[in-house]
Structure formats: C-alpha cells, structure tokens
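Every number here is computed from the coordinates shown, using simple stated rules; none is lab data. Bear in mind the structure is a predicted one, so any value in this text is a computation, not a measurement. Backbone-built Cβ (ideal geometry, glycine too); neighbour counts: all protein chains shown.
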Protein chains: 2
Amino acid sequence: MDRNSVGIVTPQKFTFGSLEDPMVLESGRTLGPVEIVYETYGQPNADRSNAILICHALSGNHHAAGYHDPHDPQTGWWDTMIGPGKAFDTNRYWMICANIIGGCKGSTGPVSIDPATGKPYGLTFPIVTIGDMVEAQKRLIDHLGITRLYSIAGGSMGGFQVLEWALRYPQMVRSAMCIASAARLSAQAIAFNSVGRSAITRDPEWREGAYDGKGPEHGLATARMVGHITYLSEMLLDTKFGRRLQSANRLSYNFTTEFAIEGYLDHKGSAFTQRFDANSYLYITKAMDYFDISRSYGPLKEAFVSVTARCLFVSYSSDWLFPTSQTKEMVRALLSNGKPVSFIEIDSPYGHDAFLVEVEKLSRIVSGFLSGVPQEVAA
Amino acid sequence: MDRNSVGIVTPQKFTFGSLEDPMVLESGRTLGPVEIVYETYGQPNADRSNAILICHALSGNHHAAGYHDPHDPQTGWWDTMIGPGKAFDTNRYWMICANIIGGCKGSTGPVSIDPATGKPYGLTFPIVTIGDMVEAQKRLIDHLGITRLYSIAGGSMGGFQVLEWALRYPQMVRSAMCIASAARLSAQAIAFNSVGRSAITRDPEWREGAYDGKGPEHGLATARMVGHITYLSEMLLDTKFGRRLQSANRLSYNFTTEFAIEGYLDHKGSAFTQRFDANSYLYITKAMDYFDISRSYGPLKEAFVSVTARCLFVSYSSDWLFPTSQTKEMVRALLSNGKPVSFIEIDSPYGHDAFLVEVEKLSRIVSGFLSGVPQEVAA
C-alpha cells in the first residue's frame, strides 16, 4: 500500500426522508426514504470549514480513494488525487464523496427496494436530474454539519454537479472545480448516450427494466463499448492500438475478436456488466442529457450572475466529448460577469479520460488553486 | 420524374465460376458460382472506351441512378450525380454499378443459397476482402467487353475499391476518383465497426448467423445508429438537432424517445433493418477493417509506384470518420512518385455523408476532372 494512501476506508450511510415525508424531485415525483452511501478522507477541522465534496462521473461511485479491503489492490477512482500530500491533501482537507441517487453502488436507485412494494424499483424509479442529485448531496452536507464547502470538484458528469451546486447554493460553495465538463451535452453526446440506452432497452433480457439477475448484459456491454470510444482521442487509439492484431500476426479471416482495439472494447464492455446496473445506466445518462444550465437558469451570462464561488475550469486538448470550446463558453460567461475564474486547457492525448489519467498536470493545478482560495474572516 | 433522370432501369445479372471451378478468395477459401447484380446507365461507344464503374459504400448497392418502379419515387443512391447532363453525364459515359459480393442486394453474399447445401450460406460464407470484391467486378468488366475503364469512382468504402482497382489493374484504369476515403481505416473507425458487429452478434436472435426471418434486428439497428453518428459532423448535429425535443416542449421525465436526435437515430436504425441483412453487415464491415493498402502493397509511396491512372482525391472538411489527413497521406505518396494527382478538400458541414449530399460542389469537380482525362490514341 502506497505511503500516501488514505488507507482502508469504510463507506458510511445517511438516510433522509420517508414514504410519508419524501424528497420532491424536479419531475414532481417523490422519493423516500433516500439512502446516501458516502466516504470521507481526512478530518474535519473545528468549524468544519475544510470540507471538499468530490462528485463522481457516470460510472464512478463514492469510493474515490483508499482501499476497502487490505487484500484487494483496487483503489478508489481518484486515489491518485486524494491522500496525504496529494492534490486533495487529506492532511489539510476533509474530503467527502457520495454515490449519486439513481446510482447502483448503495445510494437509492433503480436497484433499491421500493418500500411501497417491497420489490426493486426497476423502471418505477422516478427520473432524477443532476439537480436532484445535488439536492440529495445538500442533505448529506447539512447532516455532516458543514455550512460552507471549502471546495467542490468533479469531472465530466461530476462537473455538472459542481456547476449545479455553484448555481443552486452559491452561499455554500467557496470554490468550485469543473473539469472536462460543459454547461450541457452536445447533440452528438446525447446521440451516443441514446445509442447506449437503445442497446440496453432493445436487449430482450431487459424485460422493460424488470429483469432479475444478470439482466441485459449484452446491451449494457454495447453501451459501454460506445462510451469507451468517446472517452479516448482518435490519436490515442491510433498510438495505443492502431491496426495491431491482438495475438496473431496474420488475419484470421473469421469473426473472432481480432484487432487489439476490438479486444480492448470487448473486454471493457464485458467487465462493465459485472459492476454496473443497466437500469442505473439508463437513469444516469438521462440525467446527463437533461442537464442544461440554460434550461434551468437562463442564458449562461444571466445564469452565472449568482455564482460567488471562485471557479476553476479545466479542459483537455483532445477531449472531443466535452471539447474545450464548451468550457470556454462558461469561462466567457463568468468573465463577462466580472467573476474570478481560472481556466486552463491541459495538453493531453488521452481525450475525455484525461481527467482520470493525466494526474500529474491536474494535481499541480488543483493544489495551487486550493491554496489560493481566499480565507474566510472568522465570525 | 426529373428530366435529367436516367429513367426506369432494370438490374441485370452476370454469373461466373461454379462449384467445380470457383473463385479463389484472398483467404484461400473458394466461392462459386458467383452472381453479380448490376445496372448500367447510358450507352457504350463503339470501342467501349467510355465506361465508368461506380463503387458503392457499406449500405449502398448497384442501384445508383434512376427508378425501378414508375410508381416509386425512390431513386438510386447517386441519382443526383448520374444522368443526362449530370456530373456523370450518361449522354457521354456508359455508367456501371454492381452490388459487391458479400452484399445483400442480389450479388452472392451470406443471404445467398449455398449450392453445396441448398441452404443460405449465413456464417459459412467465406470472408471476402475489398480485393475479392474488385476481382469479382473485374470479371464483370471483362464480360462487358471493356478493356479499359474511362474512370472509376466511389466514396467511403467505394473509395477503397477505387484504390484497389488502381493498384491491382493499373492498365485497366485511365482515371480514378477516390472520395471521402483512405488507404486504411483508423483504429477509431475499426472501433466503431467492431461495436456494430458486437451489437449484432450479441443479439440472441442472431443465432450464430443462422437466423431465419427477421434476425438480429435490435443489434443491426444499434449498429446503424452508431454508424449514423459517425457519418455526420458534430456541428451538423448541433445545427440540425441541437437539444431540441421531438414533439413536446417540456421534458417527459420518462424513457420515451425524446430529443430530436434520438428520434432521428431510432428511425434510421429501425428503417435499416427493413432493408439490410445483419450477416452482410458483419462481412462488409470486416472487409473494410481488413483493407490496408500497406498490408497488401507495402508502404504507400512504394505501393503507389505502379499507379498509372490519373487520380482525383476529394475529402470533406468536417468528415471525422475519413478525415482529410488520411486523404493527404495518399496524395503525398502519389506526388512523391511524380504521379498526376488532383486533390480538393470540400468545405462542408455534412461530415462523411457529404459525398452523398454536397452534390453541387462535387458535380463541378467530377465533370471537370472527367473532361480533362487525356484521350487515348486510337489503336
């Protein structure tokens, strides 16, 4: 185990609401009780002013750092960023990461048991939005006795949550880091999500969402394969795989998985079905498609008037799913409102995945940004 | 019916080879008899020196121009380019277009009856390559009494056939037009093809290729949806669909097809299953993945030494499936061999689909290029 690891962590649970007193969602439908599974790393200071909330992306979860099991080398998804002496320095900050509602890793979602029926929600689970996810996180943050977050950070869909927090609860967010994200998905990104959903719902094993057991594995694998293509840049695919064959150096002249890129995608697709729920994939991608700052808060320039957080935006040069142009649009809107905003496009061949991979470059930026967040005057 | 239409056309058939005297494929396997369905437009001149072969792309077929049925307004796929007074002027040229082997529109492919078993080939059909497709076309061209093609043209996978013709039978090709194509697929393009194949072969209705009747419609629809995203530019998707909803102006908060781009892809996917065979999709995409000039003929510069055709290359500024950089690579290789080569990148928002859509721009280029092909000295 790495010396700078947060070590063994144990997920915690927080429940709010009930059947009788549920959470009211953006759709008007209700959800309750709501369970949130989360992890914390580092320690709160006396006035709990050193808390940083990490928001995860589509296939992420609350396990952002450390280990669950000393015998399992698998670390949290941003372990390289979170720990003693790391960018999110747990010697200074109290880090929090929660599984989103609609997810499948412990927080209430379509795999949870509906208390009204005693059966899994499946497709009776209500559509949740990014706003609903943030609303649930807000309850957790209140529960933890935090009145103002020192910072909030997330990449991709995590960036959506960051933006939503900064707009919905400006007074609670001292600084915000929106990484490889956008104010809304492009039509092309919606298109890729919709193909993924279509692959799942066209799979006969999906059974209108009421599957039992393995479910629509083929559809989910296909959805994930499509996703993985969009997470990497064309350049990286050419460098890493090119036209290389998996094993033989002669063409097989049959339909076995043959090119290295085929083997990679096939593996990624199949592995995903072992760790993710297909209905959850539908709900989360739908939440992504629905997210649109302008629909909720008006044109970007107007929307950002209310932002008080010191903001950092990071994009990656080869990210074509969340291209730099979309980040610049937000930066411009903040600047035109006279808001303090930092922006950097990191040069990287890793495409959208860079926010998980290009740790060294991002670490320097994040730790610098965090150290520059103005201190609050003690009350 | 448009005055410049070639009018009603009737597909013709040509058969060569037999069980006893089959065609030997690149894989070493054999195929026979081989049936080729094709159409011609315009008339041959006395020495049949005015023939132009059109090569179709993945989902195309031999029906490139005119109508099959006076009551059906559906014209051939390049009808806007082929006809009296059009770019491929049927008052001057004798146009030929044949369905590729491996296809599903009449030429021998996986849906054909295997004479050895009396049943459809299905997955017992041998893998065919672009070289094999060209070999079959060569037999047709010989059969039609053509010793030298005035020109040959094709977009996308049609461009692969154009290149293969120019390399395999240089003496038979006076001029060649390679449009929105490449010397090989990129890793990303192979990745998209492989997701499409995976969606088909993971569909339980595929039954290892031995389906009867409708077959793996869901898998094929998913494959086509993925394809369609790659055929259009991000800019076009944003302009044409953006985040517009299909019908309602309020979010549905359910999983119905909601965004206009979703409806478009869903329709394209479903419609495709009505007109295309899933096994054929596997064979043709595999042929595309296998195509690689350098594998067959060595590094591009060496490969192109043997080319004698006057060449025209056309790419489209927003085509990200067959980007201009891949065309330029071929143009450079020809230029460095001192070959006469014309190249233009057409500015277009239509992405890869531009070769089917941006007719006006392409027409001027094609007709100009054809009129400039040097006359042969009469024997």
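At-a-glance table
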{"read-out": "Exercise: per-residue mean of other protein chain Cβ atoms within 10 Å, A:180-190", "value": "5"}
{"read-out": "Ellipsoid equivalent to the stretch A:237-379 - semi-axes via the Cα gyration tensor, in Å", "value": "40, 20, 15"}
{"read-out": "Three principal axis lengths of the stretch B:132-270 [C-alpha, angstrom, descending]", "value": "63, 40, 29"}
{"read-out": "Helix-only [θ]222 nm of chain B, DSSP H runs n ≥ 4, -39500 (n - 2.57) each, per residue, nearest 500", "value": "-10000 deg cm²/dmol"}
{"read-out": "Rounded Å value of the spacing that divides the Cα centres of the stretch B:292-306 and the stretch A:174-227", "value": "41 Å"}
{"read-out": "Alpha carbon centroid spacing (whole Å) that separates the stretch A:90-152 from the stretch B:3-78", "value": "60 Å"}
{"read-out": "Copy-to-copy label separations for B:LEU19, where each label sits 7 Å from Cα toward Cβ, in nm and ascending", "value": "7.1"}
{"read-out": "Cα-based Kirkwood hydrodynamic radius, chain B, one decimal, Å", "value": "21.5 Å"}
{"read-out": "Shielding of B:265-275 by partner chains, average beta-carbon count, 10 Å", "value": "1"}
{"read-out": "Alpha-carbon Rg with Dmax, taken over the stretch A:303-350, Å", "value": "11.5, 35"}
{"read-out": "Inter-chain Cβ neighbour average for residues B:67-79, partner chain, 10 Å", "value": "0"}
{"read-out": "More than 24 Å apart - percent of Cα-Cα pairs taken over the stretch A:1-147", "value": "35 percent"}
{"read-out": "The stretch A:105-176 - Rg (one decimal) and Dmax (whole number), Cα, Å", "value": "14.4, 42"}
{"read-out": "Kirkwood hydrodynamic radius of the protein assembly as shown, Cα pairs, Å", "value": "28.1 Å"}
{"read-out": "At 7 Å out from Cα toward Cβ: B:ASN337 inter-copy label distances (nm, ascending)", "value": "6.0"}
{"read-out": "15 Å tail of the calculated P(r), the stretch A:190-285, as % of Cα pairs", "value": "63 percent"}
{"read-out": "Sparse-neighbour loop sites [trypsin sites (Lys or Arg not before Pro); the stretch A:216-285; at most 15 other C-beta within 10 Å; DSSP]", "value": "A:ARG244, A:ARG250, A:ARG275"}
{"read-out": "Dipole of the protein assembly as shown, positive direction: furthest Cα of A:HIS143, A:LEU53, B:PRO349, with charges on the beta-carbon", "value": "B:PRO349"}
{"read-out": "Using alpha carbons only: equivalent-ellipsoid semi-axes of the stretch B:271-347, gyration tensor based, whole Å", "value": "29, 18, 10"}
{"read-out": "Inter-copy label distances at B:GLU302 (7 Å, Cα→Cβ; nm, one decimal)", "value": "6.5"}
{"read-out": "Potential lengthening between B:GLU302 and B:THR256 on full extension [0.36 nm per residue; Cα-Cα distance subtracted]", "value": "11.1 nm"}
{"read-out": "Packing rank of B:186-194, B:253-261, where each peptide gets the mean count of other beta carbons within 10 Å, highest leading", "value": "B:186-194, B:253-261"}
{"read-out": "Cα-centred dipole magnitude for the stretch A:190-285, charges only on beta-carbon of K, R (+1) and D, E (-1), debye, nearest 20", "value": "240 debye"}
